[in-house]
Amino acid sequence: MPRVFRGPFLISLYAVYESGVIEIANLFQAQKRIKFSIKEQKGNNFLNKAKKYYEQIINFQLCSDEETWKRIIIISKVRNAIAHANGRIEMLKPKAQENIKTWEIQNIGISSMSGFVVIEENFLRETLGLVSASLNDLVERYKQWDDHQKAQAGKPVPPEKTAGIGRPMRGT
């Protein structure tokens with residue numbers, strides 16, 4: 001029975017992540033007057049498109065921690081298994097089936113039972129925290145960047161907000 005509740009919860013969490021990433025990208029697009037939107041970015045999947053857009057178009061790091069990014073990719077793949085195959089392992093492509101087996105062996109909170117992907121409670125708790133922390137980090141770094149832009153343009157910025165401009169991308 002938990003499968004019936006946990007799958008939709010994971011799908012919703014991923015939707016929150018995706019929406020947040022798009023919203024911040026739209027803010028950058030407006031501030032930088034970029035004609036090309038994140039939705040127009042070419043790529044294999046949303047995360048691929050988003051990472052390319054942030055790095056190549058916006059010139060801003062989407063995720064500031066590599067381990068967090070790896071986990072977000074896992075969340076996306078599990079979400080896809082639930083959303084597109086109802087969690088039925090036999091309906092997944094061979095690579096996705098291998099991923100499920102690997103994660104089960106790694107004991108990260110993804111397992112299988114009776115031919116279905118099972119999302120453990122601990123995985124959902126960690127995912128909730130990770131999505132929240134990742135989006136909060138992205139929002140804070142955007143605010144710092146925006147405050148820096150305002151300060152350079154001579155616009156007033158509250159003193160407590162002038163601490164930095166976020167983590168710049170490598171090579172910038």
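List of remarks:
- Nitroxide proxy distance, nm - points 7 Å out along Cα→Cβ at residue 140 and residue 64: 0.6 nm
- Around residue 102: net Lys/Arg minus Asp/Glu count, Cβ-Cβ under 13 Å: +2
- Residue-count net charge about residue 42 - beta-carbon cut-off 15 Å; Lys, Arg +1, Asp, Glu -1: +2
- Residue-averaged 222 nm ellipticity for the chain, from DSSP H runs of 4+ at -39500 (n - 2.57), nearest 500: -20500 deg cm²/dmol
- Think of each Lys and Arg Cβ as +1 and each Asp and Glu Cβ as -1; about the Cα centre, that makes the dipole of the chain roughly 640 debye.
- For the listed residue pairs 51/150; 70/95; 51/143, the alpha carbons are over 21 angstrom apart in 51/150.
- Positive-end extreme of charge dipole, the stretch 1-65 - chosen from 38, 28, 63 (charges on Cβ): 38
- For the chain, the longest principal axis of the alpha carbon atoms and the long axis of helix 94-106 meet at an angle near 90°.
None of the figures in this text is laboratory data; all of them are computed from the coordinates on show. In this text, all values refer to a predicted model and were calculated from it rather than measured experimentally. No Cβ is skipped: glycine too gets one built from the backbone with ideal geometry, and neighbour counts run over all protein chains shown.
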